[in-house]
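Novice: Structure below; questions to follow.
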Amino acid sequence: MKRYICKKLENTLNFLPNKIGFCCSHVEGPFFEYSDQNSINISSIKKCRNSYIKQLKSGIIPKECRGCIEFEEIHNNNIFDFFLSNSGRFLIKKIIVNHFKQCNCKCIYCAQKKIWGDEIGTNYELLPIIKELYKKNAIDKHNLEVEFQGGDVSVLKEFEQLFKEFINGGCRKFVILTNGIKYLPEISENSNNAEINMIISLDSGTRETFEKIKQVNAFDSVLDNIKEYAKNNVYVDLKYILIKDINDNPSEIFSFLNVVKELVCVRSIIFDIDYRDMLFGNQDEYCAPTHYKDLISQVSSFCEQNHIYSSVNPYAAKYIN
């Protein structure tokens with residue numbers, strides 16, 4: 001009998017606009033219905049999470065997990081130990097700040113409005129909940145990783161307070177996804193206190209293409225901000241989302257690589273794809289354009305020569321042949 005386990009479910013809380021997820025999956029993902037946004041019930045969350053873990057261990061893949069690449073089949077000779085392996089204390093090791101969907105640009109590939117509808121313009125306050133989690137000793141202070149998603153953190157009103165709360169609580173590892181349009185001084189100010197990895201989605205190598213994709217005129221501002229972060233030892237990864245007939249050509253890739261050369265400080269390049277056709281079409285039949293492999297290969301060669309790490313989002317890799 002097949003049995004499964006997912007390590008992402010064990011110690012992650014993903015705060016979404018109307019629920020709490022237990023992972024960062026690209027599919028819907030296991031979640032806890034969250035009706036009281038003024039308090040948080042740890043025991044109820046643990047019970048809900050454990051129900052998903054139990055299904056996987058019993059060989060049942062929850063509908064929310066179907067299509068995910070994170071869970072894996074495992075073999076365990078001691079079934080008793082296997083089923084009791086998650087019966088201990090629930091201690092949070094990863095928090096994903098993802099309860100807001102507001103942004104300061106209008107990327108053409110963004111599907112947030114389609115997914116979240118009217119809830120895209122509002123969000124609850126997360127800071128009181130985080131404080132409560134610390135008070136209840138539900139957070140693994142010495143091993144906590146925090147990831148800011150969104151939306152864009154630069155328009156999240158409580159970003160600075162949340163960031164300071166995590167720093168003061170002992171968190172020393174952050175991943176911050178942003179478009180880089182607005183400079184966030186609190187990140188640079190704490191670069192000596194924590195490992196801060198910024199993932200900035202540039203998606204272009206020219207001002208014209210940037211504006212076409214982001215629908216704002218901010219290409220130069222983003223490059224200036226990246227340089228400023230780099231001065232303060234903040235890790236910068238550039239994300240490049242391939243969009244059909246817009247930036248998926250050798251000319252734009254060449255311009256993008258010239259930008260990377262100019263910046264000097266880029267640690268890695270992450271490729272991803274435009275998921276709109278897949279999300280709102282037939283996921284099983286979707287396949288990315290065949291020339292994407294050649295473009296990625298071109299960038300990989302450049303990265304190898306310049307000691308830059310390159311990767312493809314694992315979900316995107318499924319659709320690139």
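Novice: Would you grab the residues whose amide H sits under 5 Å from the one on I139? Only those 5+ places off in sequence or on another chain, please, with H modelled 1.01 Å from N.
Specialist: I92
Novice: May I ask you to derive the relative contact order of the chain, considering only C-alpha pairs under 8 Å and at least 6 residues apart, and to give it as an integer percent? Don't skip to the end; give the middle numbers.
Specialist: Numbers: 531 pairs, mean separation 42.1, N = 321.
About 13 percent, as a whole number.
Novice: Within 10 Å, count the other beta carbons around each residue, average over each peptide in 229-235, 302-308, 96-102, and list them highest first.
Specialist: Values: 229-235: 17.0, 302-308: 13.3, 96-102: 22.6.
Answer by packing, highest mean first, reads 96-102, 229-235, 302-308.
Novice: In degrees from 0 to 90, rounded to the nearest 10, what is the angle of the helix 292-305 Cα long axis to the longest principal axis of the chain?
Specialist: The angle comes out near 80 degrees.
Novice: Given (1) 23.5; (2) 22.0; (3) 21.1, which label gives Kirkwood radius over Cα pairs in Å as computed from the coordinates?
Specialist: (3)
Novice: Right, something else. In what sequence do K106, K227 fall when counting other Cβ within 10 Å, fewest first?
Specialist: Values: K106 11, K227 14.
Lowest count first: K106, K227.
Novice: Another one. For n ≥ 4 DSSP H runs only, could you compute -39500 (n - 2.57) per run for the chain, divide by its residues and tell me the 222 nm figure to the nearest 500?
Specialist: Here the helix-only value at 222 nm equals -9500 deg cm²/dmol.
Novice: Still on this structure, please answer the following. Mind sorting S204, S43, S191 by how few other Cβ atoms lie within 10 Å of their own Cβ, fewest first? Mind dumping the intermediate values first?
Specialist: Details: S204 25, S43 8, S191 15.
Listed from fewest to most nearby Cβ atoms, that is S43, S191, S204.
Novice: Next question, about the same structure. Neighbour counts of other C-beta atoms within 10 Å: give me D237, D224 arranged from fewest to most.
Specialist: Values: D237 19, D224 13.
So the residues, fewest neighbours to most, are D224, D237.
Novice: May I pose another question? Leaving out same-chain residues fewer than 8 places away, which aspartates and glutamates sit with a Cα under 15 Å from that of K54?
Specialist: Answer for K54, where 15 Å is the Cα cut-off: E10, E64, E72, E73, D81, listed by chain and number.
Novice: Tilt of helix 159-168 relative to the longest C-alpha principal axis of the chain, in degrees (0 to 90, nearest 10)?
Specialist: 60 degrees
Novice: Same structure again: If you fit an axis through the alpha-carbon atoms of helix 42-57 and take the longest principal axis of the Cα set of the chain, what angle between them do you get, 0 to 90°, nearest 10?
Specialist: Helix 42-57 sits at roughly 80 degrees to that axis.
Novice: Dipole size in debye (nearest 20) for the chain around its Cα centre, Lys and Arg Cβ +1, Asp and Glu Cβ -1? Mind showing how you got there, number by number?
Specialist: Details: 40 positive and 41 negative charges, 228 e Å.
For the chain, the charge dipole is close to 1100 debye.
Novice: Below 8 Å between Cα atoms, with a sequence gap of 6+, how large is the relative contact order for the stretch 101-246 in percent? Working shown, then result.
Specialist: On the way: 206 pairs, mean separation 35.3, N = 146.
Result for the stretch 101-246 is 24 percent.
Every number in this text was worked out from the coordinates using simple rules, so none of it is lab data. Computed from a predicted model, the values in this text were never measured in an experiment. Quick reminder, even Gly has a Cβ in these numbers, built from the backbone with ideal geometry, and neighbours come from all protein chains shown.
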